[in-house]
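The values are calculated or read from the model by the stated rules, or taken from the named source; none is laboratory data. Predicted, not measured: the structure shown is a model, and the values here were computed from it. Counting neighbours? That spans all protein chains shown, and the Cβs are built from the backbone with ideal geometry, glycine included.
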Amino acid sequence: MPVRTATTIAILLASAAACGTSAASPSATPPATGVAASTPSSIPQEPDEQPATTGAAASIIGPVWWLSAASIDGVEVPPKESIFRRARFQFVDDFGCHHGECRDGLTLVGNDACNDFSSDVVIEASTVTLGTNGESTSGACDDDLTQAFRQVLTGSFDVDIDGGGELVATSADDAIALRFELVDDPFGPTDQDIVVSGRVGEVVYRIAWEGTDPAGGQGGVLEALDTSITAFQRNASGIGIGPDSPLDANLRAVDSGALLYGVAHGEAARVEYESGDQAPTELMLIEAPGGTAWVFADVVENSDDPWSVVSYDAAGDELARLDR
C-alpha cells in the first residue's frame with residue numbers, strides 16, 4: 001500500500017494482539033461447552049440479596065459476542081452487513097456510567113442489526129430474563145433479522161455454548177435461534193477494507209473503506225473504541241469526497257490528544273493541517289482501495305482552536321481547502 005510523506009507525529013499501528021488485551025475485546029479462546037456456575041456455592045448470599053446469575057454461563061459474561069447466523073423456524077435469515085449496525089450481544093457485570101447512562105448489576109448491551117440497546121438482566125440456569133430498565137436508540141428497521149432479535153429480546157430467552165464455542169440464544173418458543181461468535185478484532189467482523197488503524201492512549205481506531213457510490217462519491221468510516229471501558233462503546237463517523245468536494249476531514253478528541261482524519265482526491269500530492277500560530281503539519285497519505293483517493297489519520301495539537309486542512313497538487317498549487 002503506497003504511503004506519501006512522514007508525519008511529525010507517528011501513528012502507532014495497533015496490532016490485533018494489542019487490541020485483544022482490552023476489556024472490551026473478545027477472547028480468542030472459545031469458552032467451555034455448556035453452562036458453568038458463576039457464583040461458587042461455598043460463598044453464602046445474604047438473605048436480602050438477589051443474585052443476577054444463578055447457575056449462569058459465566059463464560060458468556062464479559063466478551064463481545066458477534067452475530068454469525070440467525071434462523072426462524074429453521075430457515076436462515078439473510079445477514080446485514082453495515083459498519084454502523086453490527087449485531088452483537090455483551091453481558092456486562094460492571095457497566096457503571098457511560099454517556100449519562102448508569103447501571104448496577106448484570107446488563108445486556110448490544111445491537112439488533114438496527115439499534116443499540118441495553119437492559120438489566122437476570123440469568124437463572126440457562127434462561128436470561130430481561131428487566132424493566134431498558135434503553136434503545138430509535139432507528140426504524142423492519143427487516144427479518146432485526147425482527148428476529150426483537151422477538152428473542154421479549155421477556156426471556158435461553159442461552160447455551162455449543163460444541164464449537166458459539167453462543168446460541170433461542171427464543172422462548174424455540175422458533176428463533178441467534179448464533180454469536182468471538183473474534184479477535186475488537187471492532188468486530190467486517191467485509192470492508194481496513195485502510196489504517198492506530199492507537200492513542202486507551203483509544204484504538206481504524207478507518208474502514210466503503211468504496212464508491214453510483215454518484216461518484218467515495219469514502220469510509222472512522223471507528224474509535226475506548227478500551228478502558230468494559231462495555232462496548234464504539235463511536236463511528238463517516239468521511240467522503242465527491243465530484244464537487246475533493247477534500248473531507250474531521251477532528252476527534254481521543255484520550256489526551258486530537259485525531260485528525262479524512263480523505264482527499266487522488267490528484268492530491270500533499271495535504272497539510274493548519275491551526276493557530278502553529279507551522280503547517282504535513283499529513284501522512286495512505287492510498288485507498290482503487291487508487292483514486294488518499295486517506296489520512298494523524299494525531300495533531302489542537303485545543304478547540306479553529307483549524308484548516310489544505311490539499312496541493314504535485315506543482316504545489318492549492319486544490320482544496322477546508323476551514324473548521
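Condition check: touching a strand residue (DSSP E or B) at 6+ places or on another chain (Cβ under 7 Å), loosely packed, with under 15 Cβ neighbours inside 10 Å and farther than 30 Å from Leu319 by Cβ. Does Ala175 satisfy that? In short, yes.
Give Asp185, Asp160 a once-over and let me know the one that is within 21 Å of Ala70 (Cβ to Cβ), part of a strand (DSSP E or B) and in contact (Cβ under 8 Å) with a residue 40 or more places away in the chain.
Sole residue among the options that is within 21 Å of Ala70 (Cβ to Cβ), part of a strand (DSSP E or B) and in contact (Cβ under 8 Å) with a residue 40 or more places away in the chain: Asp160.
Checked against the criteria, Leu260 counts as touching an Asp or Glu at 6+ places or on another chain (Cβ under 6 Å) and either more than 30 Å from Gly110 (Cα to Cα) or surrounded by 14 or more Cβ atoms within 10 Å (Cβ to Cβ) (or both). Scanning region 189-225 for residues that are small (Gly, Ala, Ser) and assigned to a loop (DSSP other than H, G, I, E, B), we see that the one that is farthest from Ala249 (Cα to Cα) is Gly201. Scanning region 86-102 for residues that are closer than 26 Å to Ser59 by Cβ and either at pLDDT 70 or above or part of a loop (DSSP other than H, G, I, E, B) (or both) yields Arg86, Ala87, Arg88, Phe89, Gln90, Phe91, Val92, Asp93, Asp94, Phe95. Does Val121 satisfy being surrounded by 15 or more Cβ atoms within 10 Å (Cβ to Cβ), farther than 22 Å from Ile72 by Cβ, in the same structural domain as Trp65 (by TED's automatic domain parsing) and touching a residue at least 40 places away in the same chain (Cβ under 8 Å)? Answer is yes for this residue. State the number of residues belonging to region 226-238 that are part of a strand (DSSP E or B) and crowded, with 17+ Cβ neighbours inside 10 Å. So the answer is 2. Screening Asp255 on (1) more than 24 Å from Asp191 (Cα to Cα); (2) over 18 Å from the mean Cα position of the chain (by Cα) shows it passes everything except condition (2).
Counting only residues that are among the aliphatic types (A, V, I, L, M) and under 21 Å from the mean Cα position of the chain (by Cα), which one in region 111-152 is farthest from Ala70 (Cα to Cα)? Filtering region 111-152 for residues that are among the aliphatic types (A, V, I, L, M) and under 21 Å from the mean Cα position of the chain (by Cα), the one farthest from Ala70 (Cα to Cα) comes out as Ala140.
Would you say Ala69 is assigned by TED's automatic domain parsing to the domain that holds Val152 and either at pLDDT below 65 or out of contact with any strand residue (DSSP E or B) (no Cβ under 6 Å at 6 or more places or on another chain) (or both)?
In short, no.
For region 144-157, a tally of residues being aliphatic (A, V, I, L, M) and either surrounded by fewer than 16 Cβ atoms within 10 Å (Cβ to Cβ) or in a loop (DSSP other than H, G, I, E, B) (or both) returns 1. How many residues are under 15 Å from the mean Cα position of the chain (by Cα) and within 15 Å of Leu260 (Cα to Cα) when one looks only at region 197-212? Here the count works out to 8. The number of residues in region 160-180 being closer than 15 Å to Gly110 by Cα and more than 22 Å from the chain's Cα centre (by Cα) comes to 0. Here Arg179, Arg150 are screened, and the one residue that is at pLDDT 95 or above and among the basic types (Lys, Arg) is Arg179. Here the condition is being touching a helix residue (DSSP H, G or I) at 6+ places or on another chain (Cβ under 7 Å), without any contact (Cβ under 8 Å) to a residue 60 or more places away in the chain, assigned by TED's automatic domain parsing to the domain that holds Ala69 and surrounded by 14 or more Cβ atoms within 10 Å (Cβ to Cβ); of Cys114, Cys141, it holds for Cys114 alone.
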